[in-house]
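Peer 1: Below is one structure. I have some questions about it.
The values are calculated or read from the model by the stated rules, or taken from the named source; none is laboratory data. Quick caveat, the model's predicted, so the values are computed rather than measured. Cβ coordinates were reconstructed from backbone atoms using ideal geometry, including for glycine residues, and neighbour counts include every protein chain displayed.
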Amino acid sequence: MLANELAVFTPSMTGVRPIDRLARQFKAASLDDAATMETLKTAKFRLLRVMAAIGERLFEVEDLASGQAFVLFDQSLSAIDLGRELAARVGRIGDDLHVATGPKIPLDAGARWWEAESPIRFR
């Protein structure tokens, strides 16, 4: 699942990411296409906690690294995901709206098996 993320967003030995090479060659057919490519280019990998549902398909999320809260539009999240921690690449669309541009990986207790089983503490 993450192999595609690494292949597209990891810089090569020259320091250029594949997504940047694609964007240079991309010929947008519409303003929407151009905006989509810009969102992909500027998306950042984040660790998130889903805090609240604030509208249809709109969620308040918190960046676990910075503590920054922002609004995420997502069609696959629901009220059952409140409190869930996720890893995702997130891009900004508009002034205060963000969207996940790839897979969302759960970081709940089931995904953190090493914390319970390892004699080494990560915190």
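Peer 1: So, of the residues in the stretch 1-14 that are assigned to a loop (DSSP other than H, G, I, E, B) and at pLDDT below 80, which turns out to be surrounded by the fewest Cβ atoms within 10 Å (Cβ to Cβ)?
Peer 2: It comes out as M1.
Peer 1: With the requirement that a residue be among the hydrophobic types (A, V, I, L, M, F, W, C) and under 13 Å from I93 (Cβ atoms), what does the stretch 18-37 give you?
Peer 2: Across the stretch 18-37, the qualifying residues are L31, A34, A35, M37.
Peer 1: Taking the conditions exactly as written (out of contact with any Gly (no Cβ under 7 Å at 6 or more places or on another chain), at pLDDT 90 or above and crowded, with 17+ Cβ neighbours inside 10 Å), does L72 satisfy them or not?
Peer 2: Details: out of contact with any Gly (no Cβ under 7 Å at 6 or more places or on another chain): yes; at pLDDT 90 or above: yes; crowded, with 17+ Cβ neighbours inside 10 Å: yes.
When the stated conditions are applied, L72 passes them.
Peer 1: Quickly run through the stretch 78-100 and pick out the residues that are under 13 Å from the mean Cα position of the chain (by Cα) and either loosely packed, with under 11 Cβ neighbours inside 10 Å or of a type outside the set (D, E, K, R) (or both).
Peer 2: Within the stretch 78-100, L86, A87, A88, V90, G91, I93, L97, H98, V99, A100 meet the criteria.
Peer 1: In the stretch 38-64, what residues are exposed (fewer than 15 other Cβ atoms within 10 Å of the Cβ), more than 13 Å from the chain's Cα centre (by Cα) and not in a strand (DSSP E or B)?
Peer 2: Residues satisfying the conditions are E56, R57.
Peer 1: Still on this structure, please answer the following. Does V61 satisfy the criteria of being assigned by TED's automatic domain parsing to the domain that holds L107, closer than 16 Å to T101 by Cα and at pLDDT 90 or above?
Peer 2: So V61 fits the description; yes.
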